[in-house]
Amino acid sequence: MRKKIIAGNWKMNNLVNEAEFFVNDIKDRINVNDVDVVICPNYLCLDRLSGILEDTNIHLGAQNVYYEDNGAYTGEVSAKMLSAINVEYCIVGHSERRILFEETNKITNMKAKKLLEVGISPIVCVGETLEERNSKKMFEVIEEQVINSLDGICEESLKKNVVIAYEPIWAIGTGITATSEQAEEMCKFIRDIITNKYSKDVSDNIRILYGGSVKKENAKEILTMENIDGALVGGASLKNDFVAIVNYD
Ligand code: PGA
């Protein structure tokens with residue numbers, strides 16, 4: 001039985017005091033034990049939220065990391081630094097990083113491996129553009145992203161620590177959600193890739209999320225699909241709606 005994950009990706013939003021206010025406001029209303037709830041604020045909020053979340057069942061996640069340990073990498077933050085303030089999850093390979101910052105599968109893979117070294121679970125994002133979907137190339141694109149982003153990661157880590165998030169680019173921040181059938185179809189396809197490349201044991205255990213315009217109105221339908229183990233929520237995670245999404249039952 002795979003435990004669901006609902007992760008909020010705040011992106012570049014919220015000042016530290018706004019983040020603190022919001023989390024204090026919602027934390028007592030997030031009382032679910034059967035779901036891993038994760039909040040991923042910007043770097044500046046991490047340390048403050050780490051203290052606030054300590055006695056809650058909400059986990060802390062980062063939105064980015066660098067793949068070196070330390071040194072002359074101006075502006076970057078290492079996995080060890082995140083781990084030192086109790087970050088447990090970190091998003092890698094988000095389409096905004098891939099598109100705006102030209103991050104490749106190789107970079108995504110290096111970041112994921114570095115996170116695993118310090119015990120942080122990478123949330124590895126994959127997703128196709130609308131053009132790729134319309135020209136029926138989406139399965140090919142997703143397969144390439146999944147295989148290359150996970151390259152060299154051991155089966156034990158895949159089973160226990162790695163999370164995959166299927167986020168069709170055309171559904172991110174657009175208000176257009178993939179239908180639950182489209183989301184399920186691709187999450188099942190990703191699970192099949194994992195079965196073929198690794199084993200049924202790995203694919204039965206790895207958690208695969210859907211992301212892209214998840215909101216309180218569509219959360220339940222998406223989250224109850226067989227191969228969807230949770231959601232990566234952007235816009236709606238900045239609002240009270242996040243509480244409703246987490247309590248989707
Ligand atoms: P959205 O973003 O929910 O605002 O579409 C999802 C994401 O980018 O992770």
Report summary line: Across (1) open to solvent by less than 80 Å² (accessible area, probe 1.4 Å); (2) farther than 19 Å from Gly127 by Cβ; (3) at pLDDT 95 or above, Glu96 clears everything bar (2)
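In this structure, is Lys136 assigned to a helix (DSSP H, G or I), more than 21 Å from Ala236 (Cβ to Cβ) and open to solvent by 50 Å² or more (accessible area, probe 1.4 Å)? Can you show your working first?
On the way: assigned to a helix (DSSP H, G or I): no; more than 21 Å from Ala236 (Cβ to Cβ): yes; open to solvent by 50 Å² or more (accessible area, probe 1.4 Å): yes.
The answer is no for Lys136.
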Query raised in the report: When both residues are 6+ apart or on different chains and their Cβ atoms are under 6 Å apart, which pairs have a first residue that lies in segment 193-210 and is under 19 Å from Ile142 (Cα atoms), and a second that is at pLDDT 95 or above and open to solvent by 10 Å² or more (accessible area, probe 1.4 Å)?
Result: Ile193/Glu143; Tyr198/Glu155; Val202/Glu155; Val202/Lys159; Ser203/Arg191; Ser203/Thr195; Arg207/Arg2
Requested in this report: Assess whether Leu115 counts as being in contact (Cβ under 8 Å) with a residue 40 or more places away in the chain, open to solvent by less than 10 Å² (accessible area, probe 1.4 Å) and touching a Cys at 6+ places or on another chain (Cβ under 6 Å).
Outcome: yes
Report summary line: If we ask which residues in segment 25-43 are hydrophobic (A, V, I, L, M, F, W, C) and over 15 Å from Ser237 (Cα atoms), their number turns out to be 2
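So which residues in segment 44-100 are assigned to a helix (DSSP H, G or I) and small (Gly, Ala, Ser)? Please lay out each step first, then the result.
Within segment 44-100, the first condition is being assigned to a helix (DSSP H, G or I), and the residues that meet it are 44-53, 79-84, 95-100.
Result: Ser50, Gly51, Ala79, Ser83, Ala84, Ser95.
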**Report entry** Check on Thr195, within 16 Å of the ligand (Cβ to nearest atom), open to solvent by 10 Å² or more (accessible area, probe 1.4 Å) and of a type in the set (Ser, Thr, Tyr)
**Finding:** no
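One line per residue, one yes/no per condition, for (1) at pLDDT below 95; (2) surrounded by 18 or more Cβ atoms within 10 Å (Cβ to Cβ):
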| residue | (1), (2) |
| --- | --- |
| Ala7 | no, yes |
| Asn17 | no, no |
| Phe22 | no, yes |
| Asp28 | yes, no |
| Gly51 | no, no |
| Asn64 | no, yes |
| Tyr67 | no, yes |
| Thr74 | no, no |
| Val77 | no, no |
Query raised in the report: What residue, among those in segment 202-234 that are in a helix (DSSP H, G or I) and out of contact with any helix residue (DSSP H, G or I) (no Cβ under 7 Å at 6 or more places or on another chain), is least open to solvent (accessible area, probe 1.4 Å)?
Result: Leu223
Requested in this report: Given the conditions (1) within 16 Å of the ligand (Cβ to nearest atom); (2) at pLDDT 95 or above; (3) touching a Gly at 6+ places or on another chain (Cβ under 9 Å), report the number of the one that Val141 does not fulfil.
Outcome: (1)
Query - Criterion violated by Met81 - all others in (1) open to solvent by 60 Å² or more (accessible area, probe 1.4 Å); (2) closer than 22 Å to Val38 by Cα; (3) in contact with a strand residue (DSSP E or B) (Cβ under 8 Å, 6 or more places away or on another chain) satisfied - result: (3)
Query raised in the report: What are the residue pairs meeting all of these: first residue in segment 36-62, first residue within 14 Å of Phe21 (Cα to Cα), second residue among the polar types (S, T, N, Q) and outside any helix (DSSP H, G or I), Cβ atoms under 7 Å, and 6 or more apart or on different chains?
Result: Pro41/Asn14; Cys45/Asn14; Ser50/Asn86
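The values are calculated or read from the model by the stated rules, or taken from the named source; none is laboratory data. The model shown is predicted, which means the values in this text are computed figures rather than measured ones. Neighbour counts run over all protein chains shown; Cβ positions are idealised from the backbone, glycine included. Keep in mind that these areas ignore ligands, DNA and RNA; they rest on the heavy atoms of the full protein, side chains included. Shrake-Rupley method; radii C 1.70, N 1.55, O 1.52, S 1.80 Å.
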